[in-house]
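*Asks:* Right, I'll just put the structure down here and ask away after.
The values are calculated or read from the model by the stated rules, or taken from the named source; none is laboratory data. Because the structure is predicted, anything quoted here is derived from the model rather than measured. Cβ: placed from backbone, ideal geometry, glycine included. Neighbour counts: every protein chain shown.
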């Protein structure tokens, strides 16, 4: 287990288990993400992938196991504290604040704002206004980079499903993440937008952000990922390069049956 705490791992989890009503959704699972990598997590429907994401981000607490992020245990932290450490997740169905504008959704993600402190609002007004301007400029620059600049002042609820996913991904950048957990970024998205999403992931990865991606679209996994983990019935089935996973008979059987 000690090797999973090596500095080359940004995230590692060992012996993670979670049961619901006697059903083992995740059973003694492990996973690791190298610093600077794009890592995939795949498996048949019901394999426990999203439950594993929930355990890694502590949206649900494990029955057993540990999660190490950036050299420190995080499984005892609250979800917002994990996000503050730089481990951010998205959801299979993009979560946006529908009655706020796209820009307001972006600005809400900014952490540790001076204006959040009651006394600083009154006694450091110049600093608060400067910081707000800088945050708005940064948010607009990110929206422009993902092609949502023209939607900045529209209600987020008016966006298409694919645009909501882009907004959710763009919003994570406002937190200065070290690792982004993406839950099916290509699901329900048209091929043109999938290509755009993949390009953004590659660009952000080149800028130093690591990714762990759940995805059923194998073309996305094969084109993006350096390493792939496979879950089946809540347990580890295999891991390796995309090519190794693609040719693994156990993986093929899990997906296709006999």
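*Asks:* Please tell me if residue 53 is touching a residue at least 40 places away in the same chain (Cβ under 8 Å) and assigned to a helix (DSSP H, G or I).
*Replies:* yes
*Asks:* Continuing with this model, one more query. So residue 185 fits all but one of (1) modelled with pLDDT of 90 or more; (2) assigned to a helix (DSSP H, G or I); what number is the exception?
*Replies:* (2)
*Asks:* Can I ask one more? In the range 236-255, how many are assigned to a helix (DSSP H, G or I) and under 23 Å from the mean Cα position of the chain (by Cα)? Show your work before the answer.
*Replies:* Taking the range 236-255 and keeping what is assigned to a helix (DSSP H, G or I), we get 242-246, 249-255.
Cutting the leftovers down to under 23 Å from the mean Cα position of the chain (by Cα) gives us 242, 245.
Residues in the range 236-255 being assigned to a helix (DSSP H, G or I) and under 23 Å from the mean Cα position of the chain (by Cα): 2 in total.
*Asks:* Also, I was wondering about something else. Being without any contact (Cβ under 8 Å) to a residue 40 or more places away in the chain and buried (at least 17 other Cβ atoms within 10 Å of the Cβ) is the filter here; which residues of the range 223-238 pass it? Show your work before the answer.
*Replies:* Our first condition is that a residue be without any contact (Cβ under 8 Å) to a residue 40 or more places away in the chain; within the range 223-238, this holds for 223, 238.
The one that is without any contact (Cβ under 8 Å) to a residue 40 or more places away in the chain and buried (at least 17 other Cβ atoms within 10 Å of the Cβ): 238.
*Asks:* Please count how many residues of the range 81-97 are part of a loop (DSSP other than H, G, I, E, B) and under 19 Å from residue 156 (Cβ atoms).
*Replies:* Residues of the range 81-97 that are part of a loop (DSSP other than H, G, I, E, B), as a first pass: 85-86, 90-97.
This time we only want the ones that are under 19 Å from residue 156 (Cβ atoms), so: 90-97.
Residues that pass the stated criteria total 8.
*Asks:* Out of curiosity, is residue 77 outside any strand (DSSP E or B) and under 26 Å from residue 151 (Cα atoms)? Don't jump to the end; show me each part of the working.
*Replies:* Values: outside any strand (DSSP E or B): yes; under 26 Å from residue 151 (Cα atoms): no.
Criteria not met by residue 77.
*Asks:* Still on this structure: Of all residues in the range 151-180, how many are in contact (Cβ under 8 Å) with a residue 40 or more places away in the chain, in a loop (DSSP other than H, G, I, E, B) and over 16 Å from residue 82 (Cβ atoms)?
*Replies:* 5
*Asks:* Among (1) touching a helix residue (DSSP H, G or I) at 6+ places or on another chain (Cβ under 8 Å); (2) assigned by TED's automatic domain parsing to the domain that holds residue 212; (3) at pLDDT 90 or above, there is one condition residue 86 misses while meeting the rest; what is its number?
*Replies:* (1)
Yes/no matrix, rows are residues, columns are (1) in contact with a helix residue (DSSP H, G or I) (Cβ under 9 Å, 6 or more places away or on another chain); (2) surrounded by 15 or more Cβ atoms within 10 Å (Cβ to Cβ); (3) more than 23 Å from residue 204 (Cα to Cα); (4) at pLDDT below 95:
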residue	(1), (2), (3), (4)
30	yes, yes, yes, no
34	no, yes, no, no
37	yes, yes, no, no
65	yes, yes, yes, no
71	yes, no, no, yes
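*Asks:* Next up: Pick from 249, 242: which is more than 30 Å from residue 137 (Cβ to Cβ) and out of contact with any strand residue (DSSP E or B) (no Cβ under 7 Å at 6 or more places or on another chain)? Quick ask: steps written out before the conclusion?
*Replies:* Working: 242 fails: out of contact with any strand residue (DSSP E or B) (no Cβ under 7 Å at 6 or more places or on another chain).
Answer to the selection: 249.
*Asks:* Let me ask something additional. May I ask you to list pairs of residues, at least six apart or on different chains, whose Cβ atoms are under 7 Å apart, with the first in the range 194-222 being not assigned by TED's automatic domain parsing to the domain that holds residue 53 and the second being at pLDDT 95 or above and exposed (fewer than 15 other Cβ atoms within 10 Å of the Cβ)?
*Replies:* none
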